[in-house]
Amino acid sequence: MRYVELPLTELVAKDLLPLLEAWLANGEYCPIGDAEPVWFDIETTGLSSSSACTYMIGAVMRNTERQWIFRQWFAEGPGEEEELLRSFAEALPDNCALLHYNGTTFDLPFLRDRCRFMELDITWPELSVDLYAKLRRLKRLAALDSCRQRDLEPFAGYTRVDPYDGGTLIRYYSDYVKYNKLFHIRESLQIPAPPHDPELPYSAEECAAGIYETLARHNREDLAGLVSLVRLFDCFSILEGDITDAELAGFENTVSFTLITGHHWPKDLLLFLPLRGRFLTISEAYFDAVVTLSADDRGRPTLSVPILTEPAKHYYGNYRDYCYLPMEGRVIHKSIAARMDRSHYRPAKREEAFDWFRGELLPQVGEVFSPCFRYGTKDICLLFPLRELPKHPELCTEYVRGILSLFLPKKK
């Protein structure tokens, strides 16, 4: 079995380390208490734990001097899997939590199944944190095709060199075992290397070494990318309203706000929030009525809210005091209806008792600005006249926090 140990600073930028410590101290994002965190990722020869084996494990943990290090265990062949698993398990601190990306679905069950299959007396930590569980919400908001770790790494500022996925490397590992076995057989029998053949520029030893570096690099980059994902959790802090101010930045089909916050927003991450259907009852003409959140040219988070011009309704709270005129499609106060023929009116329903407002409107959560209007009685968002916004700059921060809350609705 082969073992490698490196300082984490050789794999990631040094400015990541304080962010990593801050993330670990956040009980909401990393609810592990006083457990010692261990980031890990495994490489296997297949998806089925009954027929595949674990050939590599990478981990990021702290050493006795509390410095972050990267550690990697590699099985030279399937026969070394037991040693691999035992060595990794023995390196884990007594009170630790495993941190991973979608390891709840694959990595942890695979390790447990392999131990049962080989009857190994290894007990894996029960406490773990799956970053995928939180970050997968970005898939819908950012309109991503998928939410694999490598899809999110660029937003976290991490760039891979490795072009392969785990499935492709299964064949590479098979080739490594073949070439490595050939080299060691020849070495043990003291058979000299064959004469150089121009059509075979690489020896078995060189082939094995090249393949090993490909396998090891993939796992190293998996761990470096995994740790780098903590940068993305700033996005959730902003979406949860952790801003100190919101400055009105401009008007042009949308109203833009620059968010003043101590959190970072990724340069290329653009979130979309369609308003039609889920939040507002508006026509298909407003299919592109979308709230967006991105970074401006200076890297500051910027929220853009669409200006709506479809007429809205001011519903009467005391709708029982009104009567509806079916022939005219409007309501009148019942004191006036009392003087009319009863066949011309009936008691008004809640959704019928309103006046129209025509003009430029903005959506809002709650009654931050007034007067308030609606498109539908069950809409989550209210509306207010655009002209009210510059009159009350002191309300902009409260208004923006309300709009941000729509991106991540509270789970019931």
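Tabulated results
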{"read-out": "Some residue of segment 39-52 being in a helix (DSSP H, G or I), modelled with pLDDT of 95 or more and acidic (Asp, Glu)", "value": "no"}
{"read-out": "Answer residue from segment 1-51, given it is polar (S, T, N, Q) and within 27 Å of residue 264 (Cα to Cα) and is surrounded by the fewest Cβ atoms within 10 Å (Cβ to Cβ) among those", "value": "26"}
{"read-out": "Test: residue 332 is out of contact with any helix residue (DSSP H, G or I) (no Cβ under 7 Å at 6 or more places or on another chain), outside the structural domain of residue 259 (by TED's automatic domain parsing) and surrounded by 14 or more Cβ atoms within 10 Å (Cβ to Cβ)", "value": "yes"}
{"read-out": "Residue list for segment 250-262, restricted to those being part of a strand (DSSP E or B) and polar (S, T, N, Q)", "value": "254, 256, 258"}
{"read-out": "Subset of segment 53-93 [over 14 Å from residue 3 (Cβ atoms), in a helix (DSSP H, G or I) and acidic (Asp, Glu)]", "value": "81, 82"}
{"read-out": "Number of the condition not met by residue 114 [criteria: (1) basic (Lys, Arg); (2) assigned to a loop (DSSP other than H, G, I, E, B); (3) buried (at least 21 other Cβ atoms within 10 Å of the Cβ)]", "value": "(2)"}
{"read-out": "Residue tally, condition surrounded by fewer than 18 Cβ atoms within 10 Å (Cβ to Cβ) and either of a type in the set (Lys, Arg) or assigned to a loop (DSSP other than H, G, I, E, B) (or both), over segment 211-249", "value": "5"}
{"read-out": "Some residue of segment 150-163 being among the hydroxyl-bearing types (Ser, Thr, Tyr), out of contact with any His (no Cβ under 6 Å at 6 or more places or on another chain) and under 28 Å from residue 292 (Cα atoms)", "value": "yes"}
{"read-out": "Pair list, Cβ under 8 Å, 6 or more apart: segment 129-154 residue over 19 Å from residue 239 (Cα atoms), other residue of a type in the set (Val, Ile, Thr)", "value": "129/32; 130/104; 153/159"}
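The values are calculated or read from the model by the stated rules, or taken from the named source; none is laboratory data. Just so you know, these numbers come straight off a predicted model, no measurement behind them. Cβ coordinates were reconstructed from backbone atoms using ideal geometry, including for glycine residues, and neighbour counts include every protein chain displayed.
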